[in-house]
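Here the structure is laid out as structure tokens; the discussion comes afterwards.
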Amino acid sequence: MKHWSDHRIAGTAGADLLRPHPDGRAGDGPTRVVIDSREVGPGDLFVGIPGEHVDGGSFAAMALAAGAWGVLVTGEWAAEAVEVERGAVLLSQTPTAALGALARAWRRDLAAHVIAVTGSVGKTSTKDLITALIAPHRAVASNPRNFNTEIGLPLAILGAPLGTQVMVLEMGMRGFGQIAELAAIAEPDVGVITNIGPVHLEQMGSLEGVARAKAELLLGLYDGATAIVPSDEPLLEPWLRESLKVVTFGPGGDVAFEGSSLRGGSVPDAPPSHHVVLAEGERIELDLPFDQAHNLLNTLAAVAAARAVGVTPGGRLDVRFSGLRGERVLLGTGATVINDCYNANPLSMRAALDDLATHETTGRRLAVLGDMLELGPAEDEHHRDVGAYAATAGVDVLVTVGPRAARMLDAFDGESYAVGTAQEAAALAGDLIAPGDVLLVKGSRGVGLEVVAEALAEDDG
């Protein structure tokens, strides 16, 4: 935004320019946008977002004193900011909406292809895979960390530098209308829905409700844009209008692995990491650094997305998945911890247990599984189903964390323990894990199971 003037920023944001910047000409705009006053530096535009407990606008004067290019805040704090005799002061009664408007304008300035990714599970990993496939061919930017909300996504867009050719944007959802809001900001050329599963059922009410909420991304695509959806998801079919280019991925889809297996075929004498993808008649060979079934399926969606923006991937894939998503930590004892505790729902629990079942080990397979939140009235049934699945997946020892997860033990007849907190789970896991074991840690974010993996790593040190 460096080439934007203060007047353009105010007009784009729908804000009143109470005090122009001393050098408010084109070419003298802010270098970046921040919402955390602790991160403000010279040249930044600070946007004060009203919060549940603290109004970010209350830090506007402090931001200007720290050298901010300017501040965008509500009226209560704008008057106070004007008293600091430096920087631009912009007044908006809706700073979050103003932030979104700035991001939409920046997206248009960049003229980059935008790939939006949502789904019940796997959206972050799929975002990471798309970014990795495109990076060798185009200048690509994507959401950092969990910047996938009405605040985080605009910040991710505004953080994309000039010259960005492709943006890969994950979109999160906590209720109806939120994906639509994000799509209106990002104006995607490609929309990817990884899957539809029983998540946020307290808000959505049913799987059909989840599909309707996720399909807001499809409704937000312009005519002629590309929609990438699973090959076996009938709940999305009502939302796939004829004016979209629809590409399906997965077994039997437009983009699938060669052969009948999800893991695909391979060329003669090729290593196990070698996979062949058939993408709308094109044969693509990839060397993948993982073999989990869910990430192989995510790879198909990623290949479809890359091709939709003119990139044909191939060869070795170098990808670094975002934190707490299937990270493997090898302890000095020879035991392995699979740290997959970023979040959990019935679909992702099954995928993680499938991965645990395929992990070669000289010891036992242990699982520390926490509550799955926001599942609505059927939460007990969903937890019992996960317990039954753990038994069939070859889990030798199951530790449940929280009152909901304890229902898993109703359907698990192996060695098991129920604890109430992540701290108790960490202490118990330290006593249970032995050389050669593989231990999976997974639960909803609110359970805080990362302390289990952290404690095991600290004890190992």
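The values are calculated or read from the model by the stated rules, or taken from the named source; none is laboratory data. Since the structure is predicted, the reported quantities are computational estimates derived from the model, not experimental observations. FYI the Cβ positions are ideal-geometry reconstructions off the backbone, even for glycines, and counts take in every protein chain you see.
How about the range 4-57: which of its residues are surrounded by 17 or more Cβ atoms within 10 Å (Cβ to Cβ), part of a helix (DSSP H, G or I) and among the small types (Gly, Ala, Ser)?
The answer is ALA10, ALA13, SER37, GLY56, GLY57.
For the range 237-256, indicate whether the set of residues that are out of contact with any helix residue (DSSP H, G or I) (no Cβ under 7 Å at 6 or more places or on another chain) and among the polar types (S, T, N, Q) is non-empty.
Looking for residues that are out of contact with any helix residue (DSSP H, G or I) (no Cβ under 7 Å at 6 or more places or on another chain) and among the polar types (S, T, N, Q), one finds at least one in the range 237-256, hence yes.
Which of the numbered conditions does LEU369 fail, given that it passes all the others? Conditions: (1) at pLDDT 95 or above; (2) more than 23 Å from the chain's Cα centre (by Cα).
(2) is the only condition that LEU369 fails.
Quick one: in the range 122-169, which of the residues that are part of a helix (DSSP H, G or I) and among the small types (Gly, Ala, Ser) is surrounded by the fewest Cβ atoms within 10 Å (Cβ to Cβ)?
Within the range 122-169, the subset part of a helix (DSSP H, G or I) is 123-134, 152-158.
Checking the rest, the ones that are also among the small types (Gly, Ala, Ser) come to 125, 132, 152, 156.
Numbers: SER125: 25, ALA132: 22, GLY152: 20, ALA156: 23.
Top of the filtered list is GLY152.
Being in a helix (DSSP H, G or I) and within 30 Å of LEU375 (Cβ to Cβ), is that true of even one residue in the range 242-256?
Of the residues in the range 242-256, the ones in a helix (DSSP H, G or I) are none.
So far as the range 242-256 goes, no, none of its residues is in a helix (DSSP H, G or I) and within 30 Å of LEU375 (Cβ to Cβ).
Going through VAL368, VAL451, VAL397 one at a time, which residue ends up being free of Cβ contacts under 8 Å to residues at least 60 places away in the same chain and touching a strand residue (DSSP E or B) at 6+ places or on another chain (Cβ under 9 Å)?
VAL397
Are there any pairs, at least 6 apart or on different chains, whose C-beta atoms fall under 6 Å, with the first in the range 229-258 and assigned by TED's automatic domain parsing to the domain that holds VAL303 and the second in a loop (DSSP other than H, G, I, E, B) and hydroxyl-bearing (Ser, Thr, Tyr), and if so, which?
THR248/SER231; GLY250/SER231; GLY252/SER231; GLY253/SER231
For the range 331-374, give me each residue that is in contact with a helix residue (DSSP H, G or I) (Cβ under 7 Å, 6 or more places away or on another chain), crowded, with 21+ Cβ neighbours inside 10 Å and of a type in the set (S, T, N, Q).
ASN339 - this is the single residue of the range 331-374 that is in contact with a helix residue (DSSP H, G or I) (Cβ under 7 Å, 6 or more places away or on another chain), crowded, with 21+ Cβ neighbours inside 10 Å and of a type in the set (S, T, N, Q).
Name the single residue that is nearest to ILE35 (Cα to Cα) among those in the range 131-162 being more than 12 Å from the chain's Cα centre (by Cα) and charged (D, E, K, R).
Residue satisfying both the conditions and the ranking: GLU150.
When the residues of the range 172-197 are filtered to those that are among the aliphatic types (A, V, I, L, M) and at pLDDT below 95, which remaining residue is nearest to GLU216 (Cα to Cα)? Can you show your working first?
We begin by selecting, within the range 172-197, every residue among the aliphatic types (A, V, I, L, M); these are 173, 179-180, 182-186, 190, 192-193, 196.
Next, from what is left, pick out any that are at pLDDT below 95: 173, 196.
Working: MET173: 10, ILE196: 13 Å.
The qualifying residue nearest to GLU216 (Cα to Cα) is MET173.
Can you give me the ranges of the strands (runs of 3 or more DSSP E) entirely in the range 313-426 with at least 3 residues that are under 23 Å from LEU288 (Cα atoms)? Write out each step before concluding.
On the way: elements: 327-330, 336-339, 365-370, 397-401, 415-419.
Per the criteria, 327-330, 336-339.
Of these, GLY152, GLY100, which one is within 23 Å of ALA68 (Cα to Cα) and assigned by TED's automatic domain parsing to the domain that holds ASN298? Explain how you work it out, then say what you get.
Values: GLY100 fails: assigned by TED's automatic domain parsing to the domain that holds ASN298.
Every option except GLY152 fails the conditions.
Can you name every residue in the range 240-255 that is closer than 23 Å to VAL168 by Cβ and either of a type outside the set (A, V, I, L, M, F, W, C) or modelled with pLDDT under 95 (or both)?
Within the range 240-255, LYS245, THR248, GLY250, GLY253, ASP254 meet the criteria.
State whether one or more residues within the range 191-209 are within 25 Å of MET167 (Cα to Cα) and surrounded by fewer than 23 Cβ atoms within 10 Å (Cβ to Cβ).
Step one: filter the range 191-209 for residues within 25 Å of MET167 (Cα to Cα), giving 191-196.
Within this subset, residues satisfying the condition of being surrounded by fewer than 23 Cβ atoms within 10 Å (Cβ to Cβ) are none.
No; the residues of the range 191-209 include none that is within 25 Å of MET167 (Cα to Cα) and surrounded by fewer than 23 Cβ atoms within 10 Å (Cβ to Cβ).
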